[in-house]
Structure formats: C-alpha cells, structure tokens
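Input: a single structure, listed below in structure tokens.
A short reminder: the numbers here are calculations on the coordinates, not readings from a lab. Note that this is a predicted model, so its numbers are computed, not measured. No Cβ is skipped: glycine too gets one built from the backbone with ideal geometry, and neighbour counts run over all protein chains shown.
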Amino acid sequence: MWATGSNTPQHKHGYRGKWQGFTLLELMAALAIAAIVLAVAVPASARMYDSIRYREAVREVVTLLATARHRAITSGKPQNFEVVPRERQVRLGEITRQLPGNVTLSVNSSKALNRESVGVIRFYPEGGTSGGDIDIASDRGRGVSIRVDWLMGGVTQASHAAR
C-alpha cells in the first residue's frame, strides 16, 4: 500500500519500511555512561552504609545507657553497664550489643569498678552513677563522646574529631 503523494511504502501502522533502532556506537555510549554512574554510586553508597551503621551504634549505646538508669531506679538495684572496647561490645545484664567493625570504642570509667579489659559504669537506684565517658569513632574520622554524669545520671553526647 502506498501513501498519497509519497514514493516510500507506508504500512498500516506507520512503519516506513526501514528498521529504526540504535546504532552500536549509541549503545556503547549508553553503556559507558551507565558504567560511570555506577563507578560513582557504589563508593558513595558504601560510605552512606558505613555512616548509617556508625549512627546506629551511637544510638544503641545511648539507648542502652538510658535503659540501665531506668532499670536501676525501677528495680531498686544497681545496674552495671559494661564496655568491652577490644570486642566492640556494650552489655547490660543479658543484653549485649555488638558494634560494627568500622567503629572503635573506648571507655573512661571508675577504676574501682573496672575489670580486666572491661569498663564499668554503675547506675544506682537513687539516679546517680559512678560516671564515665564512652568514645565512639568511625574509621572515616567522625567521633562522639558520650558522657554519663556521676551526680544525676544524665547522658549527653558531643561530637569530636577521631583521635
């Protein structure tokens, strides 16, 4: 079937008779662009994942410290919050939290309560604590210092450059 006023064959669906598509050069250019996008996106997503894991580790430590204080007050018994820097763990009774591998952990707490390679911050039923500081740093240079006030048992945190 021929279209009116034209010498090219026209089919009923508007197809002109020649194959329409992408050339090999166009496909290669599209693949090169996709490769560049992936080369940029993969490292960025890995950094974002590490950052998420670091923030979650800080959040878990602060939450577990608040839980220790709450348990001490409600149970009427002292609660020991343990920090094991070498294993990147924090513990409260039966609860153990393993911090990710991209995090370093250190503790400064009462020498009278500490055990070999374990720092202990004790929370008392009246709301006070033995006090101490926990430093959490990421391998990317970010860090936070979590301070437990000995008098009121309050937990505060402040950012710092990793040491």
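How large is the charge dipole for region 36-127, taken about the Cα centre, if only the Cβ atoms of Lys, Arg (+1) and Asp, Glu (-1) carry charge, to the nearest 20 debye?
Numbers: 14 positive and 8 negative charges, 23 e Å.
Roughly 100 debye, rounded to the nearest 20.
Given H placed on each backbone N at 1.01 Å, which residues far from GLY154 in sequence or on other chains put an amide H within less than 5 Å of it?
ASP149
Can you pull out the GluC sites (Glu not before Pro) in region 71-163 whose DSSP state is coil and whose Cβ has at most 15 other Cβ atoms within 10 Å?
GLU94, GLU116, GLU126
Can you tally the net charge around SER109? Count Lys and Arg as +1, Asp and Glu as -1, for every other residue whose Cβ sits under 10 Å from the Cβ of SER109.
0
Along each of the three principal axes of the Cα atoms of the chain, give the extent in whole Å, ordering the values from largest to smallest.
99, 33, 25
If we count every other residue with Cβ under 11 angstrom of THR129's Cβ, Lys/Arg +1 and Asp/Glu -1, where does the sum land?
In short, +1.
Under a crude label model (7 Å from the Cα following the beta-carbon direction), how far is SER117 from ASP133 in nanometres?
In this crude spin-label approximation the distance works out to 2.4 nm.
Counting other beta carbons within 10 Å of each residue's own, what order do THR23, THR96 fall into, fewest first?
Going from sparsest to densest Cβ surroundings: THR23, THR96.
Limiting things to C-alpha atoms, what are the Rg and the maximum Cα-Cα separation (Dmax) for region 26-87, in angstroms?
22.5, 73
Among ASP139, ASP50, what is the fewest-to-most ranking by other Cβ atoms within 10 Å?
Sorted ascending by nearby Cβ count, the order is ASP139, ASP50.
Tell me the angle of helix 24-75 to the major Cα principal axis of the chain, expressed in degrees between 0 and 90 and rounded to the nearest ten.
Helix 24-75 sits roughly 20 degrees off the main axis of the chain.
Between ARG53 and GLU26, what is the spin-label point distance in nm, taking each point 7 Å from the Cα along the Cα→C-beta axis?
Spacing of the two 7 Å Cα→Cβ label points: 4.3 nm.
How do VAL83, VAL40, VAL148 rank when sorted from fewest to most other Cβ atoms within 10 Å of their own Cβ? Numbers along the way, then the final one.
Numbers: VAL83 26, VAL40 10, VAL148 23.
Sorted ascending by nearby Cβ count, the order is VAL40, VAL148, VAL83.
Starting from the Cα-Cα distance between ILE73 and ASN108, subtract it from 0.36 nm times their residue separation and give me the gain in nm to one decimal.
10.3 nm
Report the longest stretch of the chain that contains none of the chymotrypsin sites (Phe, Trp or Tyr not before Pro) sitting in a DSSP loop with at most 13 other Cβ atoms within 10 Å.
23-163
If you take the beta carbon distance between GLU126 and ALA34 as r and set R0 to 45 Å, what does 1/(1 + (r/R0)^6) give as a FRET efficiency, to the nearest 0.05?
My answer for the efficiency is 0.10.
Please give the contour-minus-distance gain from THR156 to GLN89: 0.36 nm per residue of separation, less the Cα-Cα distance, rounded to one decimal in nm.
That pair, THR156 and GLN89, stretches by 22.2 nm at full extension.
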